[in-house]
Amino acid sequence: MKISIITAAYNSAATIRDTLESVKKQTYLNIEHIIVDGASKDDTMAIVHQYPHVSKWISEQDKGLYDAINKGIQMASGEYVGILNSDDFLAEDTVIEYFVNKIRANKVDAVYGDVAFVQPTNLRKVVRLYSSKKFHPARFRYGYMPAHPTFYAKKKCFEDFGYYKLDYKIAADYELLIRFLFTQQIKTLYIEKVMVMMRTGGISNATFKSRYILNQEIVRACKEHGIQSNLLLLSLKYLFKIFEYIKPRLQRSA
């Protein structure tokens, strides 16, 4: 079973080496790592070229993050496809092998797990844990979704049900997960394991304006798929986020 990992990058020289190293060190060998670069002006591609494990790459201007991801998925030849951002990295060397075994045992269309957020200046310091354990499609209306960086789905799902919508600025991942998990009801499996480490920060939480746009797009995505939601309901998720910062623990599975 081939697994395709898509990394979209733009001026990512400061962080992409960690991403590349984490894929290179995986114990599972049948991995296709695809880099989609938005014509970076720094040393991003020079670093990428130092890693022979990278199967395919392009470097050209695009229409943004989701356009780059779509390009990568279309280039992918793996049965399952996942996204690993250029400032994130896989949590353990056995992550891919672990979930491939779960896929084989359970015959599912997609898997997802947990994410740990780390300090950008100390990658060993976990400051927040995002667990997907309590996810249920009914919780989309409250702004809760599985951890997207851990979501690996059959490429056929994208071919049958569509790619990331480019008219969403921030929440195209949210809309896609609603489409796959709620509307199309693909068969999924939650893996109780930290699969990806993410540096704190990011476009969706950068400013009040970006958070407002994110929530507006979540409401829109819910409406497009027949889910009742509103900004008041979404505000409740910020109360639950508090508990993600209290003594975060990495979920390890034997």
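With the Cα gyration tensor of the range 152-196 giving a ≥ b ≥ c as the square roots of its eigenvalues, does the rule (a/c under 1.5 for rounded; else a/b larger than b/c for prolate; else oblate) give rounded, prolate or oblate?
Working: a/c = 1.93, a/b = 1.31, b/c = 1.47.
Because a/c hits 1.5 or more and a/b fails to exceed b/c, the range 152-196 counts as oblate.
Can you give me the P(r) profile for the chain? Cα pairs, bins 5 angstrom wide beginning at 0, each as a whole percent.
With 5 Å bins starting at 0, P(r) equals 1, 6, 13, 18, 21, 19, 14, 7, 2, 0.
Expressed in nm to one decimal, what extension gain is obtained for the pair Y142 and D93 from 0.36 nm per residue of sequence separation less their Cα-Cα distance?
Numbers: separation 49, 0.36 × 49 = 17.64 nm, distance 3.37 nm.
Result: 14.3 nm gained on full extension.
Under 22 Å Cα-Cα from K223, which lysines qualify once same-chain neighbours fewer than 8 residues away are excluded?
Candidates past the 8-residue exclusion: K165, K169, K209, K237.
Mean residue ellipticity at 222 nm from the helices of the chain, using -39,500 (n - 2.57) per DSSP H segment of n ≥ 4 over the full residue count, to the nearest 500 deg cm²/dmol? Walk me through the intermediate numbers first.
Details: 9 runs with 80 residues, N = 254.
That calculation yields -9000 deg cm²/dmol at 222 nm.
Looking at P137, T150, V54, which one has the Cα that reaches farthest to the positive end of the dipole of the range 3-244 (charges on Cβ: Lys, Arg +1; Asp, Glu -1)?
Of the candidates, P137 comes out farthest on the positive side.
Using only Cα atoms, find the angle between the long axis of helix 95-106 and the longest principal axis of the chain, and express it within 0 to 90 degrees, rounded to the nearest 10.
The two axes meet at around 60 degrees.
In nm, give the distance between the simple-model label positions of K134 and I58, each being 7 Å from the Cα along the Cα-to-Cβ direction.
4.1
Starting from the Cα-Cα distance between Q185 and K2, subtract it from 0.36 nm times their residue separation and give me the gain in nm to one decimal.
Details: separation 183, 0.36 × 183 = 65.88 nm, distance 2.35 nm.
Gain on stretching Q185 to K2: 63.5 nm.
Within 10 Å of each residue's Cβ, count the other Cβ atoms and sort D160, D173 from fewest upward.
Details: D160 11, D173 20.
Going from sparsest to densest Cβ surroundings: D160, D173.
Please state the charge dipole magnitude for the chain, taken about the Cα centre, from unit charges on C-beta atoms (+1 on K and R, -1 on D and E), reported in debye and rounded to the nearest 20. Walk me through the numbers on the way to the answer.
Details: 36 positive and 26 negative charges, 198 e Å.
It comes to approximately 940 debye.
Could you work out Rg/(2.2 N^0.38 Å) for the range 1-90, with Rg from alpha carbons only?
On the way: Rg = 11.7 Å, N = 90, 2.2 N^0.38 = 12.2 Å.
Relative to the rule-of-thumb radius for its length, the range 1-90 sits at 0.96.
Please give the length that would be gained between D167 and D18 if that part of the chain were fully extended, namely 0.36 nm times their separation in residues minus their C-alpha to C-alpha distance (nm, one decimal). Could you put the intermediate results ahead of the total?
Numbers: separation 149, 0.36 × 149 = 53.64 nm, distance 3.05 nm.
Additional length available on full extension: 50.6 nm.
In the chain, what percentage of the DSSP-assigned beta bridges are antiparallel, given to the nearest 5? Could you put the intermediate results ahead of the total?
Details: 13 of 37 bridges.
That works out to approximately 35 percent antiparallel.
The numbers here are math on the coordinates, done by the rules we state, and not lab data. Keep in mind that this is a model prediction, so the values were computed, not measured. Note: ideal-geometry Cβ built from the backbone for every residue, glycine included; neighbour counts use all protein chains shown.
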